[in-house]
1. Give the range of the longest stretch in the chain that excludes all trypsin sites (Lys or Arg not before Pro) found in loop regions by DSSP and having at most 15 other beta-carbon atoms within 10 Å.
2. To check my understanding: the extent here is largest minus smallest coordinate of the Cα atoms along each principal axis. What are those three numbers for the chain, in Å, largest first?
3. Would you please state which residues of region 67-90 a label at K5 would reach in this model, taking the label point 7 Å out along Cα→Cβ and a backbone N cut-off of under 19 Å?
4. Picking from G41, G117, G126, which is most flexible by a Gaussian network model of the chain using Cα springs under 10 Å?
5. Multiplying the sequence separation of K165 and N57 by 0.36 nm and subtracting their Cα-Cα distance, what value in nm do you get?
6. With springs only between Cα atoms under 10 Å apart, run a GNM on the chain and tell me which of F158, F79, F125 wobbles the most.
7. Between R73 and K104, what's the calculated FRET efficiency when r is the beta-carbon distance and R0 is 25 Å? Round to 0.05.
8. Rounded to the nearest 500 deg cm²/dmol, what is the calculated helix-only ellipticity per residue at 222 nm for the chain, with -39500 (n - 2.57) per DSSP H run of length n ≥ 4?
Amino acid sequence: MFIRKFVPDLRVDSVYDIDLAALRREGVRGIIADLDNTLVGARHPEATPELVEWLENVKAQGFRVVIVSNNGRHRVSAFADPIRLPYVSRARKPGQRPFRKALKLLELTPPETVVVGDQLLTDVFGGNRIGLRTILVTPISPADESVTTRINRRIERFIYRRLKKRGLISWDH
């Protein structure tokens, strides 16, 4: 059923709520992370000290991380370069190509990788389309979102209602 492609494997409030030990036990070795409203607010140009600490912990536990963002190269590189993270910019999620490129950068397979993002239409749908595990986080600063993302959020509300009605999710949007 097509609608199931919008169901994340897990939903958490933020990246800090992800149980990394559980992911390791399940064989996950890599994280494909969205940037805006997943790792930092949409208008925040750099990693917060809390995020830097979290990423250091993630790497210390043996995970590889890559950022996949629909933002342009300038935005993504300005964020990723100082914290030495590889990235895919202008990704055009939910297309499959950026996720496949991220898997190559990570040198991992779909069963070993999870996508973490704040949008059903780009992150969850895109990851699920190629067999990646998906984790949906609550957006950090929805008030700062672009026009395109606001349009996506309206579509997401419709999808949430459908998923909830079919019993595929149990949380409110």
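Read-outs throughout are calculated quantities, based only on the coordinates presented, and are distinct from any laboratory measurement. Treat the numbers as computed from the prediction; the structure is a model and nothing was measured. All Cβ positions, glycine included, derive from the backbone under ideal geometry; neighbour counts span all protein chains shown.
1. 93-165
2. Over the chain, Cα extents along the principal axes are 42, 36, 28 Å.
3. Inside the label zone: 70.
4. G41
5. Working: separation 108, 0.36 × 108 = 38.88 nm, distance 3.83 nm.
Answer, rounded to one decimal: 35.1 nm.
6. Comparing F158, F79, F125 in the GNM, the peak value goes to F158.
7. Details: r = 18 Å, r/R0 = 0.72.
E between R73 and K104, to the nearest 0.05, is 0.90.
8. -10500 deg cm²/dmol
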